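Here's the structure we're looking at; comments come further down.
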Amino acid sequence: MALKLKPDFPDAFCNLAHCLQIVCDWTDYDERMQKLVDIVSDQLKKNRLPSVHPHHSMLYPLTAEQRKGIASRHATLCQEKIVILRRGAYTHPTQLASPGGRLRIGYVSSDFGNHPTSHLMQSIPGMHDRSKVEVFCYALSADDSTTFRAKITKEAEHFVDLSRIPCNGKAADRINADGIHILVNMNGYTKGARNELFALKPAPIQVMWLGYPGTSGASYMDYIITDSTTSPIEHAQHYSEKLAYMPHTFFIGDHWQMFPHMVERAIIPPTSDAAAVDLKDNVSIINATNLKPLVSIAETVEDLKHTIKQDGKGDSLEVITPILKLPTTIAVTEMINNNQPAADIGDGVLVHNGLTTNQTHTKAATGEEVLQNPVVTTRKQYGLPENAVVFCNFNQLYKIDPVILTIWCNILKRVPNAVLWLLRFPAVGEANVIQFCVKKGIDASRIVFSPVAPKEEHVRRGQLADVCLDTPLCNGHTTGVDVLWAGTPMVTLPLESLASRVASSQLKCLGMPELIATSYEDYENIAVKLGTESEYLKAVRAKVWILKTESMLFNVRTYAQNLEKLFSRMWNLYVNRRPLDHLLDTFSRAGTS
């Protein structure tokens, strides 16, 4: 309606463009993108606030300079808002409270609760070394009564609910009064942000970290914590902040603490006489924190083995997955067919239906508690063919663009027995995606959609896929580590923006650089090789399964230690009155001094 009344209304046009992007409506896509770029370019030249939000800018064919300009205009807006507070500059600490004293670190976020950011970092405050740092967590949102919130509240040395202090001036006063040395912005331009707090500069050092995939464009933000893959030094001009590198990856996942039951798995053979050599490891699976009760009642236990050679090393590693011939498979089959919550498989041992955890154990379903019961996950539960190669992507649909969906269609054509598994995220995008694929010559039955699932199920069902196909435009960030924890390899292609390079950083940290493409053609060929060479796929999957528990990608304690070292370097530069500079030397690759 707004565009009908005023066809040249830029805010309305850019909002419409974003709504269409969310549902994969690519009608007149090229023309729409060109008009959007022209609008932004004109607004930046005239020093106006752009109609494209900073958090959406990575989805469009804008230059890095334009994305930075969009962020900069929003940062300036925050500075303009605080002028009315008529505040003078704060006095900042110039030394620690005592010789050998502790750094005071303040984490600021609206997402201390049931949010992907907390799913990633909830254990960081409690794993910091209290002899070195004093941790303050400043919540910008009210208590959502989840275990995530309770854990951070309990494990942070100080937890302050700034949602009770709506005045930005008074909230900044509180931060400054706490004597914070390094203030960490975990929101950027995401929902719930209060960047006005940072514009007031209540702390001497202010840092971007984890929650926002881009530059702040703000003169009042000093560093962005990143890594050499996500933000190579050649891209430094894309950032208003100085680059501060973590040694392995700036990303982290708390999956060891949240989902330990996915460290072990067993296979349920489809028939009692199925030969182990014919079995796949991702058709019918049981996960449990303790598989011994299941093994003890199994009629037979065989092992599905796969040996992989370590690059540059003489020794090999072996992945062993037990195959359990249960006393009865009828009970399990009936449980799945009738959507029952559990089944007794003998001697009172229960296995639980992976589709019903939200009904039987809500806290475990959300990831707030560890799932203690053995849980069954099968392709049948999601309408996935058992003998197919399953490619998946569990991102929100707005991250898909016509270029990558065309590549995915090419992959399906070259891997005839493959399907593509996506999420109804949102549901109204499903018809548009299927229609696009059909026009590219793909049968609609080969595109399988599932609803969005609770967190634990979302991570666990990723085991059923053979390969995850990442979205280069804006990678899976949390969904990337989710699928890697499931043991499923992910193919990615790094482009220019930070948001497009996170998956490459995750894969390098994991030890799987062979899954990082150098071009769209290379991306397609890597995926096709995985889909057509079964032994290669088995080797890659086995390698991911081993490395997920050995690499630094999920090692929160070491990550916290490395974060402390990076903070210490920032502080030492400041107290020695040295100018801000990039912190590119990543001290120890092993996480020790």
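The values are calculated or read from the model by the stated rules, or taken from the named source; none is laboratory data. Because the structure is predicted, anything quoted here is derived from the model rather than measured. When we count neighbours, we look across all protein chains shown, and the Cβ atoms used for this are built from the backbone with ideal geometry, even at glycine. Ligands, DNA and RNA are stripped out before the accessible areas are found, and what is left, the full protein with its side chains, is counted by its heavy atoms. Shrake-Rupley method; radii C 1.70, N 1.55, O 1.52, S 1.80 Å.
Relative to the Cα centre, the charge distribution of the stretch 459-567, modelled as +1 at Lys and Arg Cβ and -1 at Asp and Glu Cβ, gives a dipole magnitude of about 480 debye.
Could you tell me the accessible area of His55 in Å² (1.4 Å probe, neighbours in place), rounded to the nearest ten? Ignoring ligands and nucleic acids, His55 comes out at about 60 Å².
How big is the charge dipole of the stretch 1-157 about its Cα centre, in debye rounded to the nearest 20, if each Lys and Arg gets +1 on its Cβ and each Asp and Glu gets -1 on its Cβ?
Numbers: 20 positive and 17 negative charges, 133 e Å.
With Lys and Arg at +1 and Asp and Glu at -1, about 640 debye.
Using all alpha carbons of the stretch 170-327, what is the percent of pairwise distances in each 10 Å bin, ordered from the shortest bin to the longest? Per 10 Å bin, starting at 0, the Cα pair percentages come out as 9, 24, 19, 14, 17, 14, 4, 0.
Between Thr153 and Lys325, what's the calculated FRET efficiency when r is the beta-carbon distance and R0 is 60 Å? Round to 0.05.
On the way: r = 47 Å, r/R0 = 0.78.
With a Förster radius of 60 Å, E is 0.80.
With contacts taken as Cα pairs under 8 Å and at least 6 residues apart, the stretch 440-571 reaches a relative contact order of 20 percent.
Its relative contact order, with pairs defined as Cα atoms under 8 Å and 6+ residues apart, puts the chain at 14 percent.
The three principal axes of the C-alpha atoms in the stretch 73-208 carry coordinate ranges of 39, 38, 24 Å, sorted with the longest axis first.
Here the chain exposes an accessible surface that is 51 percent carbon and sulfur, computed with a 1.4 Å probe and the other protein chains kept in place.
Per 0.36 nm of contour for each residue apart, how much would the distance between Asn525 and Lys439 grow if the chain were fully extended, relative to their Cα-Cα spacing?
28.8 nm
For the stretch 61-185, the solvent-accessible area of protein heavy atoms averages 45 Å² per residue (probe radius 1.4 Å; ligands and nucleic acids excluded). Taking all protein chains together and rolling a 1.4 Å probe, Cys137 ends up with roughly 0 Å² accessible.
Across all Cα pairs in the stretch 473-533, the calculated P(r) in 5 Å bins from zero up to the longest distance comes to 4, 20, 29, 28, 16, 3, 0 percent per bin. In this structure, the amide hydrogen of Thr226, modeled 1.01 Å from its nitrogen in the peptide plane, lies closer than 5 angstrom to those of Ala244, Tyr245, Met246, counting only residues at least 5 positions away or on a different chain. Rolling a 1.4 Å probe over the protein chains gives Met258 an accessible area of about 10 Å².
In square nanometres and to one decimal, what's the mean projected area of the convex hull around the Cα atoms of the stretch 327-432? Mind dumping the intermediate values first?
Details: hull surface 35.5 nm².
Directional mean of the projected Cα hull area for the stretch 327-432 stands at 8.9 nm².
From the largest down, the stretch 1-112 spans 64, 31, 26 angstrom on the principal axes of its Cα atoms.
Placing pseudo-labels 7 Å out from each Cα toward the beta carbon at Asn338 and Asp315 gives an inter-label distance of 5.0 nm.
Once you have a ≥ b ≥ c as the square roots of the Cα gyration tensor eigenvalues for the stretch 517-593, tell me rounded if a/c is under 1.5, and otherwise prolate or oblate according to whether a/b is larger than b/c. Oblate, because a/c is 1.5 or more while a/b does not exceed b/c.
Working from label points 7 Å from Cα in the Cα-to-Cβ sense, the Glu550 to Gln257 distance is 2.5 nm. In the stretch 455-593, Rg over Rh equals 1.05, where Rg is the alpha-carbon radius of gyration and Rh the Kirkwood radius from pairwise Cα distances. All alpha carbon pair distances within the chain were sorted into 20 Å bins beginning at 0; the resulting P(r) in whole percents reads 19, 51, 27, 3.
Global dimensions of the stretch 43-105 from alpha-carbon coordinates: Rg and Dmax equal 18.2, 51 Å. Taking label positions 7 Å along the Cα-Cβ direction at both Phe9 and Asp161, the computed distance is 3.9 nm, reported to one decimal. The stretch 550-587 and the stretch 322-378 have their alpha-carbon centroids 44 Å apart. The residues Glu386, Glu65, sorted by heavy-atom accessible surface at 1.4 Å with ligands and nucleic acids left out, run Glu65, Glu386 from largest to smallest. Every Cα-Cα pair in the stretch 510-556 was counted, and those over 17 Å apart are 41% of them. Here the extension length gained between Val452 and Glu496 equals 12.9 nm, from 0.36 nm per residue of separation less the Cα-Cα distance.
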